[in-house]
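To start, the structure under review is shown below, and the notes come after it.
The values are calculated or read from the model by the stated rules, or taken from the named source; none is laboratory data. Note that the coordinates shown come from a computational prediction; the quantities given were computed from them, not determined experimentally. All Cβ positions, glycine included, derive from the backbone under ideal geometry; neighbour counts span all protein chains shown.
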Amino acid sequence: MPKFSENTIQEIKNRLSIVDVVSDYVLLAKKNNRYWGLCPFHNEKTPSFTVVEDKGFYHCFGCGKSGSIFDFIMEEEHLSYPEAVRYLAKKAGVELKQETPQENIIRKEKESLQELYNKISQSFHFLLMKSKQGENARQYLESRKINKETQEKFLLGFAPTDESWLYRFLKKNNYSSELLKQSGLFSSRYPTYPLFVNRIMFPIRTWQGDCVAFGGRDLTGTSRAKYINTPETEIYSKRSLLFGLYEGLDSLKKDQEVKICEGNFDVISLHQAGLANTVAPLGTAFTKEQAKLLLRYVTKVDLLFDSDSAGQNATKKTLKLCQQMGLENSVIEIQNAKDVAEILQTQGEETLINCCSKSINGFDYLVQSALRMYDIKQPKNKFLIFKEVKPYLDSTSSEIEKESYIKKLAELLEVSERQIKEDYRKGNDGVINKRNSNDQKVILNPFQLNPDLYLMVTLANNRSIFDSVKGKLKIGLLTDDYAISLYTILEDAARKKISSDEAFSQLITNDELRNLVKTSFMIKMFRDKNIGNDINHAILRIQLLDIEKKRNSILNLLQYSIEENGLEVQNYSELLLQKKNLDERYEALKNEADNEDY
């Protein structure tokens, strides 16, 4: 990822008003010192999207999205951060720093690889649609009920049986042997032997429509691998792309809903049946990166994985991830067929459409699946049913939503809600299970943040005083994961002498934490002129909590010694002395906190 100097970023922000840039996409009206409009990232009738011009930030109180002028362009134009910087630099007339020779080489290699894939996808498509050698492939697609229009839409192709054709063809078009070796189109052991021979070819395209990889379906019936995919290359990461996204992008934006199935033929079948808001992972489980990609366009996910055991296991894992990412989720259960492609082939489009018209929400699906596995009449099985749905509850950030699921589960299992909550509070071995804070959404209400996180968010807003605070606050005193991350990021920013909010936020790799900090930049309370008193008080609170924890640990050891005669006299005396010192330190800090003028 290119590194842009702070001067470059600041010059772009100085030349461009965030209000002017956002106004190209949103009709804004000024009220007091803010501009308001309908959020471009979710449907709403009452404006909850605001832009604060003097601070250069936007925030939506409806969907929670927040950020700078660069974040807005990244969201609206679906660009990466470097792409957004280039986009705005061009708009502002700011010259970006010249590439290094190495960066220039890498960029040109990627461009050559991209050109290669776009060109060869057209060649494979021609061989399927027009050539005599593609006849068998055309007959196969006809037997699968895939019509010509759909073949054109997905740019389906055919890799010929001639094993020497591809290398000869590409060399004739002046592609170097080194580039072809890196392309993923040839065997790693035999550089001139093609990966795809006598296969139906499925181009894998980015949301912009560039082909970056292929999937291939064997036509011989003898290959050990019915389906194979291009290995990852400089331009292809299977975790970050979805088959069918480019072809269904307009439908996704319109419906704000997506169907996820398993295979390429499933996607193609559903598109042909008029359900173009359908995608599939690329030979791997559904990933967090793919979920983030979908969150640009949709709020709801319907799962149509295969009806076999592997498909059902994939459904459970994907439901958990979708719930964790805040995507409304449901399952469409396939009846009397292995997958949706089989329904199209054997029963036709109308049956396929009817099958996809009924869904069950994710929680109910998991409950019903568990009921099929366990006899609810057996008391022990009630707990096993609960265990099946617990990961989904863990992934639910809304306490209101979680409460409703627990109530429903309690009624079904004929137990009290209190009993469900008690088991939920405990892990499988009866020990209280504390979730990592990175698995939880943090609501940015200053009064609800724990002392650790409140202090570090405040310091993120007042970075000039961080060095003076470090002497009072060691990182070992912090227990909140987000707070610990911010501490290390603040140290990094201080070393690099980073001053702008934009450059600082780019150091934060966790999306949720970055959004929290960016939102805090818009809240006056975090930058109050008397914030020093708040910071001192927060440090005192953290120090007091740390002493309380140490005192409790010593008290537990002393109690154990009394009950079990578990300590020698010398150790017992040392513990008493440690407790006395902690008591004195605690009282001194407490008096200091009580006397703070804040």
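Before moving on, here are some points about what is shown:
- Residue in region 210-237 that is surrounded by the fewest Cβ atoms within 10 Å (Cβ to Cβ), counting only those that are part of a loop (DSSP other than H, G, I, E, B), out of contact with any Phe, Trp or Tyr (no Cβ under 7 Å at 6 or more places or on another chain) and of a type in the set (Ser, Thr, Tyr): Thr222
- Matching residues in region 295-308 - criterion: being part of a loop (DSSP other than H, G, I, E, B) and not basic (Lys, Arg): Tyr297, Val298, Thr299, Phe305, Asp306, Ser307, Asp308
- Selected residue (only one of Lys292, Lys358, Lys377 is over 13 Å from Cys261 (Cα atoms), within 17 Å of the chain's Cα centre (by Cα) and of a type in the set (D, E, K, R)): Lys292
- Per the conditions (1) modelled with pLDDT under 90; (2) buried (at least 19 other Cβ atoms within 10 Å of the Cβ), the sole criterion not satisfied by Cys322 is (1).
- Counting the residues of region 511-541 that are at pLDDT below 85 and more than 23 Å from Ile12 (Cα to Cα) gives 21.
- Considering region 35-88, the residues that are over 18 Å from the mean Cα position of the chain (by Cα) and of a type in the set (A, V, I, L, M) include one that is nearest to Phe521 (Cα to Cα), namely Val52.
- Answer from Pro160, Pro191 - the residue that is surrounded by fewer than 14 Cβ atoms within 10 Å (Cβ to Cβ) and in contact (Cβ under 8 Å) with a residue 12 or more places away in the chain: Pro191
- Qualifying residue in region 164-177 (condition: surrounded by 21 or more Cβ atoms within 10 Å (Cβ to Cβ), more than 29 Å from Ile146 (Cα to Cα) and either among the small types (Gly, Ala, Ser) or without any contact (Cβ under 8 Å) to a residue 60 or more places away in the chain (or both)): yes
- Given (1) touching a residue at least 40 places away in the same chain (Cβ under 8 Å); (2) under 24 Å from His271 (Cβ atoms), index of the condition Asp250 fails: (1)
- Of all residues in region 255-265, those being more than 13 Å from Tyr297 (Cα to Cα) and not in a loop (DSSP other than H, G, I, E, B) number 4.
- Residues (modelled with pLDDT under 95 and among the aliphatic types (A, V, I, L, M)) located in region 154-165: none
- Residue in region 376-392 that is of a type in the set (A, V, I, L, M), assigned by TED's automatic domain parsing to the domain that holds Ile420, out of contact with any helix residue (DSSP H, G or I) (no Cβ under 6 Å at 6 or more places or on another chain) and farther than 26 Å from Gly62 by Cβ present: yes
- Filtering region 448-468 to residues that are surrounded by 20 or more Cβ atoms within 10 Å (Cβ to Cβ) and among the hydrophobic types (A, V, I, L, M, F, W, C) leaves Leu449, Leu453, Leu455, Met456, Val457, Leu459, Ala460.
- Residue in region 383-406 that is of a type in the set (Ser, Thr, Tyr), surrounded by fewer than 16 Cβ atoms within 10 Å (Cβ to Cβ) and closer than 24 Å to Glu333 by Cα present: yes
- Count of region 325-341 residues, restricted to those that are more than 28 Å from the chain's Cα centre (by Cα) and either at pLDDT 85 or above or at positive phi (or both), is 1.
- Within region 506-535, the set of residues being surrounded by fewer than 16 Cβ atoms within 10 Å (Cβ to Cβ) and polar (S, T, N, Q) comprises Thr509, Asn510, Asn530, Asn533.
- Checked against (1) in contact with a Phe, Trp or Tyr (Cβ under 8 Å, 6 or more places away or on another chain); (2) at pLDDT 90 or above, Ile420 passes all but condition (2).
- Flag for Glu163 being over 24 Å from Gly274 (Cβ atoms) and among the acidic types (Asp, Glu): yes
Here's the yes/no breakdown for (1) in the same structural domain as Glu333 (by TED's automatic domain parsing); (2) of a type in the set (Gly, Ala, Ser); (3) surrounded by fewer than 22 Cβ atoms within 10 Å (Cβ to Cβ); (4) not in a strand (DSSP E or B):
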{"residue": "Leu249", "(1), (2), (3), (4)": "yes, no, yes, yes"}
{"residue": "Lys253", "(1), (2), (3), (4)": "yes, no, yes, yes"}
{"residue": "Val267", "(1), (2), (3), (4)": "yes, no, no, yes"}
{"residue": "Leu275", "(1), (2), (3), (4)": "yes, no, no, yes"}
{"residue": "Val279", "(1), (2), (3), (4)": "yes, no, no, no"}
{"residue": "Leu293", "(1), (2), (3), (4)": "yes, no, yes, yes"}
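- Single unsatisfied condition, Arg138 versus (1) of a type in the set (D, E, K, R); (2) surrounded by fewer than 16 Cβ atoms within 10 Å (Cβ to Cβ); (3) more than 30 Å from Leu16 (Cβ to Cβ): (2)
- Neighbours by Cβ (under 8 Å, 6+ apart or cross-chain): first from region 397-419, free of Cβ contacts under 8 Å to residues at least 40 places away in the same chain; second among the acidic types (Asp, Glu) and part of a helix (DSSP H, G or I): Ile406/Glu417; Lys407/Glu417; Ala410/Glu417
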